[in-house]
Structure formats: C-alpha cells, structure tokens
Amino acid sequence: MHITFVYVLFSGITVFMTALDSLEAAFATKVLLLSESAYGFLVSIAGIGIIIGSLTNALFSNRLKTNILISFGAIFTPIGYLIFAYSQEFIWASIGFFTLTFALSFGNTGFLTFFQNNVSVNIMGRFSSIFGVLEALLIILFTTVVGVFSELYDIRFIYIIGSFAFLSLGFIMNVVVLDKTKKAYYYQENNGGEETHPI
C-alpha cells in the first residue's frame, strides 16, 4: 500500500509539471516579455540544472538516502516553479528554472531507486503500465484545465496557483516518505554491499 501511495504521489508530480510546462513558453514570452533567443537560453539553463544535479547524485550516491532524495525533489521542484512564477526579469526566471531541474534530478533518482528496490521485476512492467494510464489521463485533464483557465484569467495568476498546489503535493510527499514507521522501504545497498539506513 505504501509503495502504491508513493508511486501515485510521484505521478502527481509529473502531472503538475506537465500542466505547468504547457504554460511555460507563453509565460516567458507574453508575461516576462522574453525574446525567443532569451527563452532558448532559459531552457539551456534548465538543462544545466539537470546535468549538475545528476553529477551531484552520481558523486554522492552512497551518502544520499532514498527518502531524502525524494523529499528534496518534491519540495524544491515546486519552489523552482514558484520562483519562476513570481519572477519579473530574466535572472530570477533562470534561478527558478535551474532550481526546479536541479531538484528534479534528485527526486527522479530517489523515486526510481525506491521503485526498483520495492517492486518485483516480475510485476514491474504491469505495475507501471496500470498507473501510467491513470497518469496519462490526469495529464490530459490537468493540462486542459490549466489551458482553459489561462485563457480566462491572467497567466501569472494561474501559474502561481498551480505552483502552490504543486508545493502542497510536495509537503504531502514529504510526510509520507519521511515517516519513520516506513523506513524499511528505503533501505538500500551501497557499492560496498552495506545497507544505508534512511532517517
């Protein structure tokens, strides 16, 4: 039950990100008034965030605990979106982009490790396929809703509301993964074969 709950919550992160990303280009060009080249550079900064985050994960993989990785990603990814949502100029927009992609790399690493450690290889494909359908439907629904409301209301307002809702999901994820009674789900082995025990 705990594994399913964490999977559903993390799927929610993907849903929120996809819905908010659908407004990204419009927000950058129509609200922040960035040129196409400036927006392209902004996307490049997001890529740098992913790369640095992934390198950090690789360098400290034995010290970073699975539930902490998920927790960090679940909180700081929406914080990155909020920084971007409140930004008035390029520098803050780039900080927001870097923050969200840097944090996302931690969340993805933690979740994939959790999934591989707790779901049997025999059912892994079926498990992810079932929830993949639900995730896809929610992505379509949320993206449509966000798109409609962005036509009716100010894009920045919708982006901020969506980011705060995303952050609320992040807090719920933290409560779940940092629950000490569930710590057995987050044991993992380091390269030396020893178990790393989460908090």
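The values are calculated or read from the model by the stated rules, or taken from the named source; none is laboratory data. Every value quoted in this text rests on a predicted model; they were computed, and no experiment measured them. FYI the Cβ positions are ideal-geometry reconstructions off the backbone, even for glycines, and counts take in every protein chain you see.
The listed residues are 140, 155, 123, 161, and the only one of them that is of a type outside the set (Gly, Ala, Ser), over 17 Å from residue 10 (Cβ atoms) and within 17 Å of the chain's Cα centre (by Cα) turns out to be 161.
Return a yes/no flag: does segment 6-23 have any residue that is farther than 15 Å from residue 100 by Cβ and in contact with a strand residue (DSSP E or B) (Cβ under 6 Å, 6 or more places away or on another chain). No, because not a single residue in segment 6-23 is farther than 15 Å from residue 100 by Cβ and in contact with a strand residue (DSSP E or B) (Cβ under 6 Å, 6 or more places away or on another chain). Restricting attention to segment 42-74, the residues that are closer than 18 Å to residue 113 by Cα and of a type in the set (Val, Ile, Thr) add up to 5. Considering segment 81-94, the residues that are surrounded by fewer than 24 Cβ atoms within 10 Å (Cβ to Cβ) and under 16 Å from the mean Cα position of the chain (by Cα) include one that is nearest to residue 34 (Cα to Cα), namely 83.
Which of the residues spanning segment 19-73 are among the polar types (S, T, N, Q), surrounded by fewer than 14 Cβ atoms within 10 Å (Cβ to Cβ) and touching a residue at least 60 places away in the same chain (Cβ under 8 Å)?
The initial filter retains those residues of segment 19-73 that are among the polar types (S, T, N, Q), namely 22, 29, 35, 37, 44, 54, 56-57, 61-62, 66-67, 71.
Those left that are additionally surrounded by fewer than 14 Cβ atoms within 10 Å (Cβ to Cβ): 35, 37, 44, 62.
Residue satisfying the conditions is 62 alone.
Applying a threshold of 8 Å to beta carbon distances and a minimum spacing of six or more residues, or different chains, the list of pairs starting in segment 162-181 at a residue that is closer than 12 Å to residue 70 by Cβ and ending at one that is outside any helix (DSSP H, G or I) and at pLDDT below 95 reads 178/199. Out of curiosity, is residue 93 within 17 Å of residue 166 (Cα to Cα) and touching a residue at least 60 places away in the same chain (Cβ under 8 Å)? Judged against the criteria, residue 93 is not a match.
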